[in-house]
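The values are calculated or read from the model by the stated rules, or taken from the named source; none is laboratory data. Given the structure is predicted, the values throughout are model-derived calculations rather than measurements. Quick reminder, even Gly has a Cβ in these numbers, built from the backbone with ideal geometry, and neighbours come from all protein chains shown. When the accessible area is computed, the model is the full protein with side chains, heavy atoms only, and any ligands, DNA or RNA have been set aside. Shrake-Rupley method; radii C 1.70, N 1.55, O 1.52, S 1.80 Å.
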Amino acid sequence: MTGPSITPDFTALEVPMDTWSEPFWQGTAEHRLTFPRCTTCGTFRWPAGPFCPSCHAQPVDWVPAGEPRIYSFTILPVRSAGDDEPARQRIPVLVEFADAPGVRLVSVLIDAMPEAAAIDARLVPHWLPAANAVVPAFRLASPEISR
Amino acid sequence: MTAKATAAIVGSGSTPYYFRGESAPQTIYELIGKAVHAAAADAGIGLNDIDGLVFFAFGFDTGLLIEQLGLKNVVFAHCVSGFGSGMAGMFDLAAMGVETGRAKNVVCIGATQQVGRRVGQALGNFAATPDNVFHRIAGLGGPGQALALSARRHMHRYGTRREAFAEVVMASRAAAATRETAFRRKPLSLDEYMAAPMLADPLCKFDFCLETDGALAFVVNAVDRAADRPHRPVWIKAVAQVADPAWGRAFFWLNQTDDAFVSAGAEAVAQRLYARAGLGPQDIDVALLYDHFSPLVIMQLEDYGFCPRGEGGAFVESGAIRAGGTIPVNPHGGHLSEAYVVGVTHVREAVEQLRGTAVNQVAGATTALITGGPAPVPMTGAILSSER
Ligand SMILES: [Zn+2]
């Protein structure tokens, strides 16, 4: 017997931020996913660092990410609370976005039956509270098992 | 055209291998000291002849080492950057040191002791940063969990099967069966593999390498001294170090390019290495591939050109990496079955193969490939040869 993937508790998590990453977290606080795009050459950069890896310029615009999809994922066993509890899993997921080519976000897939997770599956963000920020997690857009 | 080597490995020394933590109460510096003593003896030199030290993966405390070991003449002490990725690069530094005359007897050192912290949980060992917080959110605590994402992508893109991962492990066990230094010597069946619990789907527990302690050291000489040593020199034919941004921080960030994501990050290393050696994959007799996780062996076979990109799964399933196959891989059992010491047990095996003294000797082997581990750049690889 297996249950849906766990939703981690981030309420004690202090998210470290710097000048370049803070706008990402300002976006998630408003339930928006945005990524930095070079104002000079249009290349997305991730992580949100001080220089464009393509043209080496500094300034960026923060741009809405677009539709998220699974690029890859793994399934990790989580110790269950007792013998009667169903086996649980945590599903780390690597997410790509329709409107931010080259960016991959490392996150967690929640409320998903492991058999339903698949590369290219469409996702919807789900917002979880952290100590000083709002963390983006993801759910399957179509949670039914399609295979 | 084949370039002449300018330096050689002339001494090899090792401690016994221990299960994780069981080398205590010796410190890692005691282990290193024992390996250095053994390597110097093997090379027929005294400790006072050692004038160079080379490390990788953040290295060791040179001051402590020279005090504790009583090394009096060290004038050259350098470290390759990167993690296990930098392992083979040690022989680049050592060769540069001796061929320029900066030092005469350079000792390359690799060691690990997993007391209190585990390499397998390395991603959780660092202080939180704006970058690595995402791995914490995901729950990716170790390299194996993060590399499971690459393995799944390889399966998705190329149709690679779990049977191929299993074959890498089973071939490793088959090799280790006759090797007394190996911890996992019992044969493994496909049924046993498939029945094992998943640690990071699609990786089961058998796809993860051992966690062990130990230290190894290797003495490097320039060509003018190498012939005077007791053992036949193992020539450093070529070494390549490449910091390719397509691979970058690899599983520490997971934003490799789409093509690099399903590789072991060594394609550019392989090209540079073969060009520097004037050799190709067809010239390699035995491949000592850094096998921290079984799918990465398949990806390295592709990176180093032993089979076409994407065909590594079928290649290993054909039996190609076993003794007598197209390219024997890790006849010592590797990190999966013998022991894990951040890649340097593979150098020991290369030396034994090229001296003709290996437990599972590849008949007539004259050329060996050793690779640094798929990890943040620089990625490194080296070709060693019994012929200059
Ligand atoms: Zn730019």
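Please compute the average number of Cβ atoms from other chains found within 10 Å of each residue's Cβ in peptide A:67-76.
The mean count of partner-chain Cβ atoms within 10 Å per residue comes to 6.
Among B:ALA226, B:VAL329, B:ALA182, flag the residue with its Cα farthest along the positive direction of the charge dipole of the protein assembly as shown, charges on Cβ as +1 for Lys/Arg and -1 for Asp/Glu.
Positive-most Cα among the choices belongs to B:ALA226.
Just how much of B:MET96 is accessible, in Å², when a 1.4 Å probe is used and the result is rounded to the nearest 10?
B:MET96 has an accessible surface of roughly 90 Å² with all protein chains in place.
Ignore the peptide's own chain and count Cβ atoms of other chains within 10 Å of each Cβ in B:35-42; give me the average, rounded.
0
Tell me the trypsin sites (Lys or Arg not before Pro) within the stretch A:1-102 that lie in a loop according to DSSP and have at most 11 other beta-carbon atoms within 10 Å.
A:ARG79
Testing the spin-label approximation: label points 7 Å from Cα along Cα→Cβ at B:VAL223 and B:ALA196. State their distance in nm.
Those two pseudo-labels are separated by 4.5 nm.
Note down the nm distance, to one decimal, between modelled labels 7 Å out along Cα→Cβ at A:ASP18 and at B:ASN48.
About 4.9 nm separates the two model spin labels.
Note the angle between two axes, namely the Cα long axis of helix B:294-303 and the longest principal axis of the Cα atoms of chain B, as a number of degrees from 0 to 90, rounded to the nearest 10.
Tilt of helix B:294-303: around 70 degrees.
Whenever you get a sec, line up B:LYS4, B:LYS205 from highest to lowest accessible area (probe 1.4 Å, protein heavy atoms).
Solvent-accessible surface, decreasing: B:LYS4, B:LYS205.
Treating only the Cβ of Lys, Arg, Asp and Glu as charged (+1, +1, -1, -1), what charge dipole size does chain B show about its Cα centre? Round to the nearest 20 debye.
140
For the stretch B:254-271 and the stretch B:1-59, what is the centre-to-centre distance using only Cα atoms, to the nearest Å?
Using only Cα atoms to place each centre, the spacing works out to 30 Å.
For B:GLU338, A:GLU30, give the ranking by accessible area with the largest first, probe 1.4 Å.
Reading off the accessible areas and sorting them downward yields A:GLU30, B:GLU338.
Within 13 Å, Cβ to Cβ, of B:LEU354, how many net charges do the neighbouring residues add up to if Lys/Arg are +1 and Asp/Glu are -1?
+1
Using a 1.4 angstrom probe on the protein heavy atoms only, could you order B:ASP131, B:ASP49 from most to least accessible area?
Highest to lowest solvent-accessible surface, that is B:ASP49, B:ASP131.
Send over a whole-number figure in Å² for the accessible area per residue of the stretch A:22-142, probe 1.4 Å.
Solvent-accessible surface per residue comes out at 44 Å².
Please compute the contact order of the stretch A:22-142 in relative form: average sequence separation of alpha-carbon pairs under 8 Å and at least six residues apart, divided by the residue count, as a percent.
23
Work out the charge dipole of the protein assembly as shown with +1 on the Cβ of Lys and Arg and -1 on the Cβ of Asp and Glu about the Cα centre, then indicate which of A:LEU33, A:PRO64, B:GLY13 is farthest towards its positive end.
Checked the options; the winner is B:GLY13.
Compute the label zone of B:GLU387 within the stretch B:231-274: residues whose backbone N is under 19 Å from the point 7 Å along Cα-to-Cβ.
B:232-239, B:274
By average Cβ neighbour count within 10 Å, what is the ranking of B:176-186, B:160-170, B:269-279, B:369-379 from highest down?
B:369-379, B:160-170, B:269-279, B:176-186
What is the magnitude of the charge dipole of the stretch A:22-142 about its Cα centre, with +1 placed on the Cβ of each Lys and Arg, -1 on the Cβ of each Asp and Glu, and no other charges, expressed in debye to the nearest 20?
280
Can you give me the Cα centroid spacing of the stretch B:161-177 and the stretch B:89-133 in angstrom?
Here the two parts' Cα centres lie 28 Å apart.
Return the FRET efficiency for the residue pair B:GLN271, A:THR11: r is the Cβ-Cβ distance, R0 is 56 Å, and the value is rounded to the nearest 0.05.
With a Förster radius of 56 Å, E is 0.70.
For the stretch B:374-388, just list the computed ³J(HN,Hα) in residue order, Karplus coefficients 6.51, -1.76 and 1.60, θ = phi - 60°, integers in Hz, with x standing in for Gly and Pro.
For the stretch B:374-388, the Karplus curve yields x, 6, x, 5, x, 7, 9, x, 9, 10, 10, 8, 7, 10, 5 Hz.
Rounding to the nearest 10 and keeping the result within 0 to 90°, find how far the Cα-based axis of helix B:90-99 lies from the longest principal axis of chain B.
20
Enter the Cα centre distance for the pair the stretch B:315-361 and the stretch A:1-67, rounded to the nearest angstrom.
If you average the Cα positions of each part, the centres end up 43 Å apart.
For A:VAL93, which sequence-distant residues (separation of 5 or more, or a different chain) have an amide H within less than 5 Å of its own amide H, given hydrogens modelled in the peptide plane?
Correct list: A:SER107, A:VAL108, A:LEU109.
Where does chain A land at 222 nm, in deg cm²/dmol rounded to the nearest 500, when only DSSP H runs of n ≥ 4 count, each adding -39500 (n - 2.57), divided by all residues?
-1500 deg cm²/dmol
Of A:PHE97, A:PHE51, A:PHE24, which has the largest mean-square fluctuation in a 10 Å C-alpha GNM of chain A?
Most flexible of the set in this elastic network: A:PHE51.
Could you pull out every residue, at least 5 positions away or on a different chain, whose amide H is within less than 5 Å of the one on A:PHE35? Hs are placed 1.01 Å off N in the peptide plane, and Pro or chain starts have none.
For A:PHE35, the qualifying residues are A:VAL63, A:ALA65.
At a Cα cut-off below 22 Å, give the lysines reachable from B:LYS104, other chains included and same-chain residues fewer than 8 away excluded.
B:LYS4, B:LYS34, B:LYS72, B:LYS237
Around B:ARG136, with a cut-off of 15 angstrom between Cβ atoms, what is the net charge of the other residues, counting Lys and Arg +1 and Asp and Glu -1?
It works out to a net charge of -2.
Stokes-Einstein diffusion coefficient for the stretch A:22-142 at 20 °C in a medium of 1.002 mPa s, Rh from the Kirkwood formula over Cα pairs: what value in µm²/s?
137
Taking the Cα centre of the protein assembly as shown as origin, work out the dipole magnitude from +1 charges on Lys and Arg Cβ and -1 charges on Asp and Glu Cβ, in debye rounded to 20.
660
Set the Förster radius R0 to 30 Å, insert the Cβ-Cβ distance between A:ALA141 and B:ASP259 as r into 1/(1 + (r/R0)^6), and round the FRET efficiency to 0.05.
With R0 = 30 Å, the Cβ-Cβ based efficiency is 0.65.
What ranking do B:135-144, A:99-108, A:125-134 get when scored by the average of other Cβ atoms within 10 Å per residue, highest first?
With the highest mean Cβ count within 10 Å placed first, the list reads B:135-144, A:99-108, A:125-134.
To the nearest 10 degrees, how steep is helix B:143-158 against the longest Cα principal axis of chain B, on a 0 to 90 scale?
60
Residue-wise, which Karplus ³J(HN,Hα) couplings in Hz belong to the stretch B:192-199, taking 6.51 cos²θ - 1.76 cosθ + 1.60, θ = phi - 60°, and x for glycine or proline?
Per residue, the Karplus-derived 3J(HN,Hα) values read 4, 4, 5, 8, 6, x, 6, 9 Hz.
Which of B:GLY11, B:GLY280, B:GLY310 ends up with the largest GNM mean-square fluctuation for chain B, with Cα atoms connected below 10 Å?
Highest fluctuation of the listed residues: B:GLY280.
Report, by chain and number, residues whose modeled amide H sits under 5 Å from the one on A:VAL60, excluding near sequence neighbours (fewer than 5 apart, same chain).
A:THR39
Please check: in the Gaussian network model of chain B (C-alpha springs, under 10 Å), which one of B:SER23, B:SER263, B:SER189 has the largest mean-square fluctuation.
Taking springs between Cα atoms under 10 Å, the residue moving most is B:SER189.
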